[in-house]
1. Given the Cα-Cα distance of B:Phe137 and B:Leu194 and 0.36 nm per residue of separation, how much length would full extension add, in nm?
2. Considering only C-alpha atoms, what is the centroid distance from region B:34-98 to region B:175-241, in Å?
3. By how many nm would the segment from B:Val116 to B:Lys90 grow when fully extended, if each residue of separation counts as 0.36 nm and the alpha-carbon distance is taken off?
4. Considering every residue in B:23-30, what mean count of other chain Cβ atoms within 10 Å of its Cβ is obtained?
5. Using a 7 Å offset from the Cα along the Cα-to-Cβ direction at both B:Leu63 and B:Val203, what is the distance between the two label points in nm, to one decimal?
6. With N residues in chain A, what two-decimal value do you get for its Cα radius of gyration over 2.2 N^0.38 Å?
7. Within chain B, which DSSP H helices have Cα atoms that stretch 30 Å or more along the helix axis and a mean Kyte-Doolittle hydropathy of at least 0.5?
8. Hey, how many Å between the Cα centroid of region B:1-25 and the Cα centroid of region A:15-51?
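Values quoted throughout were computed directly from the atomic coordinates according to the rules given, and no laboratory measurement underlies them. This structure is a prediction, so every number in the text was calculated from the model and none was measured. For neighbour counting, all protein chains shown are included, and Cβ atoms are generated from backbone atoms with ideal geometry for every residue, glycine included.
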Amino acid sequence: MLSILKLVFPSWDFFRRYEAFPVVYVTEVLPGNATVWKPILLPHALKLRHLFYNPCENLRLAKLNVLLALIDEINAWRGEPKKLRTTPYYQCFLRICSQEVLIQNPNAKFFKFKLCHENAEQSEDLFLSAEEGVIWRAL
Amino acid sequence: MESVVTLLSLCLAFALYLQSCEYVAIRKEFLVGGTWAGGDVSQNALFVSHLYLRFVFLVLIFLPNFFPSLLPWAWLGLLISQVVISVRVKSPFSGGVEGLIFWAQVCLLLSQIEGVGVTPIYFLAILVLCSYFLAGFKKLFESGWRNGTTLEGYMKKSWYRVPRFIQNISLCQFKWTSWAIILTQMLLPFLLFLPSGFILFSVVGIVFHLSIFYFFGLNRFFWGWLACYPAVYLLLRLGDI
């Protein structure tokens, strides 16, 4: 219902306020291996042809909208991780992260993701997920 | 007047065609394991099939003389499709431009009804002009826009891949650029009061949207707003009548 309202009543609030943009990192969980975090949802290089056809970048931006909604859910369910894991945006984001993990290793089984400001090595985590099972994607 | 409505219809159909191609390219995101996968396999298959159906509607719009009686149904079909996609994605897929395209489709659909005429197209034109003015007007009340820090943040530390030279730009330059953006957005509708106002409006608008594409990669905004410019032209002609 909210999505229809947003469609019918656009806010025209383009780039109105700036808030720090979190970066998403994923890592495959392997027993005994060191954790290597890899950033995901990074921008693609822009070419003139993308003025007409830019599905990858539009998809990436739509996925980042899911991330923004997830951040709201994380704040709403702080201290209740079990409830957070059942929310629709969390489930949606698990599928996004699973896709990225499967690109890195098609046989991956488990992964974690985290949200950080800027550089993962230097800043504090905004959120660190529990160990999650990879969600397989239709071919 | 009718030719301008036809031009508007074709321009919007072109913008929707580009969108539809992009939706088909990312169709896997709506299947099992995809970002916006639905509950069951048949539901997902039905959703993806409807993405292809959009092209049938678009053919009907691109060839209005072949099936004139089906034209309102084609617009209705595209409108329903857009609502279905927004519900599935739980938000308008590309933000604000979806709202404009939604209203453009509603207005074109209403203008097909006998006796309604082009009044909905005037409404669309006012909506386009308001979208520019309000976007600038709201920024005016944000201190971050007035001192340039908001634009600097979006350009230097955001999810968008902006050109590298941006990293060397000072806050003072961002401040001037911010004011240029605010004034452009707020004054753009008023350019229409000048002689050859529509040409001036179109040129400034195209440059503005091209720069948004260049810096942020938002191609849908370019085509969505440009597609509605014939409605603005029609509104301007209203003064001549």
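1. That works out to 18.4 nm of additional length.
2. When both Cα centres are located, 28 Å separates them.
3. 6.1 nm
4. If you average over the peptide's residues, the count of other-chain Cβ atoms is 4.
5. 3.9
6. Normalised by 2.2 N^0.38 Å, the Cα Rg of chain A equals 1.15.
7. Working: long enough: B:2-25 (34 Å, 1.35); B:41-62 (33 Å, 1.62); B:119-140 (32 Å, 1.49).
Long hydrophobic helices here: B:2-25, B:41-62, B:119-140.
8. Cα centroid of region B:1-25 versus Cα centroid of region A:15-51: 33 Å apart.
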